[in-house]
2 protein chains.
Amino acid sequence: MTAAIDFYFDFSSPYGYFASTRIDDLAQKYGRNVAWHPILLGVVFKTTGASPLPQLPLKGDYSWRDFERTARFHGIEYKRPTHFPLPTTHAARAMLWLQNHHGDDLAAAFARSVYRALFVDDINIAEPAEIMKLAEPLGVDVQALDAGATSYQIKDQLKAEIEVAMAKGVFGSPFVIVDGEPFWGFDRFDQIEAHLKSRRQTELRAVPNPDTKEKKPA
Amino acid sequence: MTAAIDFYFDFSSPYGYFASTRIDDLAQKYGRNVAWHPILLGVVFKTTGASPLPQLPLKGDYSWRDFERTARFHGIEYKRPTHFPLPTTHAARAMLWLQNHHGDDLAAAFARSVYRALFVDDINIAEPAEIMKLAEPLGVDVQALDAGATSYQIKDQLKAEIEVAMAKGVFGSPFVIVDGEPFWGFDRFDQIEAHLKSRRQTELRAVPNPDTKEKKPA
């Protein structure tokens, strides 16, 4: 058995979106599952003192250019969103409610829809009505989702989930932790793959070969 | 003819060091030269409000880990420096003096020595005496170098060079500008290569084929 890959992301993070289009295939290739964790960079940045990239002097213009070029380089659909930056609290809470009530797979499908809505279809995912529309095709009771996403229980859960993430060292989006090894950024996916590959080789070597009589140490 | 690749770096930047070990081979592969530009991130960060990575909450520990892992992943020699962070003003000024008096090739060789001294041999490159020792094997008058590196002329030149870099959008290390296209970070070297490749293909197509009679527009 191998452990799941923890995937942390903010719904407004373009590099998080790019990562979301690749993480499942990468994990599957090495027999791993992905645990999707929505976080809020606004909360994280209060600790690190960081700011959203596009708002920084000099870095801002570069970032927009790099989002487009990186999407093109990796063959990922991307359209610069009109609504940006935007609050992703409701989307993150809705995802937690879906995880609690419908499980990880449906919640991950929802996350992919939300990302696509923002970074391909230019939909304002800060609007609860848009979140309901995105959840509808998944066969979810969208009224229950809307109520659940604004409940105190889910608000508290999201806060606690972000605290846990930060305690584990998460400070950006996308952020991946696998076997205790942290990776920040979509541009570390090559190193994540190298890690997964080397772990698989170690495991293959660890499987005893039934044809070989092994000498046990005395 | 193709334009040179502008390569901006701070001597205390680990990712700048990694880039310095690869930039020449990459450029040569596509028939380009490299223009090496030492900058001071301390000056740049006053504008962007950024801080050195290893000093940031949460990001600090991660960074040290990522430097080592990235070096290993790319097969680059690296040893965590004891003297860090450290001022790189003298090294940058010495490099400019060498460029002025001995040309770009010798100055680039000096830059590679300085990077190696800090990130492989754990030498305190903030010490003018160490800078002189590193320049000696290059056949340079090290007394003249030491005097030149602390002259007002070179101090003013470094200030101006950094202003020019920032005016061109440089905000980090390594930072590469090629054909007006900016790339931040050693992890953009794959995209730099893609750019160089596509430019070369465009040029090859632009070369008129002598066997073909071309119709000129009337």
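Among the residues of segment A:51-73, what is the count of those that are over 26 Å from B:Pro57 (Cα atoms), free of Cβ contacts under 8 Å to residues at least 60 places away in the same chain and under 18 Å from the mean Cα position of the chain (by Cα)?
1
Out of (1) surrounded by fewer than 18 Cβ atoms within 10 Å (Cβ to Cβ); (2) within 21 Å of A:Ile192 (Cβ to Cβ), the odd one out for A:Asn124 is which?
All conditions pass for A:Asn124, except number (2).
Scan segment B:104-124 for residues that are closer than 17 Å to B:His90 by Cβ and β-branched (Val, Ile, Thr) and jot them down.
The answer is B:Val114, B:Ile123.
Which one of these does B:Lys133 not meet: (1) at pLDDT below 95; (2) over 30 Å from A:Ser63 (Cα atoms); (3) among the basic types (Lys, Arg)?
(1)
Can you tell me how many residues within segment B:31-53 are surrounded by fewer than 17 Cβ atoms within 10 Å (Cβ to Cβ) and either within 15 Å of B:Ile5 (Cβ to Cβ) or in contact with a Ser or Thr (Cβ under 7 Å, 6 or more places away or on another chain) (or both)?
Qualifying residue count, segment B:31-53: 4.
Could you please find all residues in segment B:144-183 being in contact with a Leu (Cβ under 8 Å, 6 or more places away or on another chain), within 14 Å of chain A (Cβ to nearest Cβ) and free of Cβ contacts under 8 Å to residues at least 60 places away in the same chain?
Passing the criteria: only B:Gly169.
Could you figure out which of (1) within 14 Å of another protein chain (Cβ to nearest Cβ); (2) modelled with pLDDT of 95 or more isn't true of A:Tyr115?
Among (1) within 14 Å of another protein chain (Cβ to nearest Cβ); (2) modelled with pLDDT of 95 or more, the lone unmet condition for A:Tyr115 is (1).
Restricting segment B:152-175 to residues that are of a type in the set (A, V, I, L, M, F, W, C) and not in a helix (DSSP H, G or I), which is surrounded by the most Cβ atoms within 10 Å (Cβ to Cβ)? If you could, list the steps in order and put the result at the bottom.
Of the residues in segment B:152-175, the ones of a type in the set (A, V, I, L, M, F, W, C) are B:154, B:158, B:160, B:162, B:164-167, B:170-171, B:175.
With the extra rule that they be not in a helix (DSSP H, G or I), the set shrinks to B:170-171, B:175.
Values: B:Val170: 24, B:Phe171: 24, B:Phe175: 27.
Among residues in segment B:152-175 that are of a type in the set (A, V, I, L, M, F, W, C) and not in a helix (DSSP H, G or I), the one surrounded by the most Cβ atoms within 10 Å (Cβ to Cβ) is B:Phe175.
Going through segment B:56-86 one residue at a time, which ones are of a type in the set (Ser, Thr, Tyr) and more than 10 Å from chain A (Cβ to nearest Cβ)?
Of segment B:56-86, the ones of a type in the set (Ser, Thr, Tyr) are B:62-63, B:70, B:78, B:82.
The answer is B:Tyr78, B:Thr82.
Counting only residues that are touching a residue at least 40 places away in the same chain (Cβ under 8 Å) and assigned to a loop (DSSP other than H, G, I, E, B), how many does segment B:128-143 have?
Qualifying residue count for the region: 1.
The values are calculated or read from the model by the stated rules, or taken from the named source; none is laboratory data. The model shown is predicted, which means the values in this text are computed figures rather than measured ones. Ideal geometry is used to build each Cβ from the backbone, glycine not excepted, and the neighbour counts take in all protein chains shown.
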